[in-house]
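The structure under discussion appears below in the form of structure tokens.
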Amino acid sequence: SQTIHQWPATLVQPVGSPLSLECTVEGTSNPNLYWYRQAAGRGLQLLFYSVGIGQISSEVPQNLSASRPQDRQFILSSKKLLLSDSGFYLCAWGSRQADPYNSPLHFGNGTRLTVT
Amino acid sequence: EDQVTQSPEALRLQEGESSSLNCSYTVSGLRGLFWYRQDPGKGPEFLFTLYSAGEEKEKERLKATLTKKESFLHITAPKPEDSATYLCAVRGSGTYKYIFGTGTRLKVLA
């Protein structure tokens, strides 16, 4: 069965510090990978998605970046965090082996980031 | 632009009191509408995929239905353990993006 791992679960970082959040998927190959941010009352905001190694699409211009160094690894980074970067960050994967359009996303348990 | 609107924002029900949650959507060429359940501090958990108008899916006390403009999540005789936020998402043709609504926070009282 497929599993998705996301860490850390919680993180408190000072303004101006760097960030690295990691997500890995097991039990499937060549997945589509996604980073979402969830703020209270605002639903899930799509930040980045990737349909292959080294292929990153950015949805929201900001001081965050994403990378996909391996097929099942997705990393969210920042060089200097802002207060507004606080939130709940969720990684998700979607299958490309079934009909990709009808495949649901499967989420990790998220990282609660607090920038102080 | 693809858009999803969920209502109500919050809903309080007595145990056993059935109700429905609404998800209205605007999308270019719907390829899938997805319902999720999210518990506090957790990632969303997939419930259903609906593909075409008229389709229905059921799981325990939940039934999801789909029309050309909206989807309903019907909750029959809910229990306190059904308390959660329910999210709706859509994916249109020619895109890898999944667009989410802001969710409905459901509280079922014993």
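Quick note: the coordinates plus some simple rules give every number you see, no bench work behind them. Note that this is a predicted model, so its numbers are computed, not measured. Methodologically, a virtual Cβ is constructed for each residue, glycine included, from the backbone with ideal geometry; neighbour enumeration extends over all protein chains shown.
General remarks:
- The residue among A:S95, A:I53, A:L83 whose Cα reaches farthest toward the positive pole of the charge dipole of the stretch A:1-98, with charges on the beta-carbon of Lys, Arg, Asp and Glu, is A:L83.
- Summing charges over neighbours of A:L90, with a neighbour being any other residue whose Cβ is under 10 Å away from its Cβ, gives +2 when K and R count +1 and D and E count -1.
- Stokes-Einstein D in µm²/s, Kirkwood radius over Cα pairs - the protein assembly as shown at 4 °C with 1.567 mPa s viscosity: 72 µm²/s
- Chain A: most fluctuating residue of A:N102, A:N32, A:N63 per GNM, C-alpha cutoff 10 Å: A:N102
- Radius of gyration and Dmax over the Cα atoms of chain A, both given in Å: 13.7, 43
- Electrostatic dipole magnitude of the protein assembly as shown [Cβ: Lys, Arg +1; Asp, Glu -1; Cα centre; debye, to 20]: 320 debye
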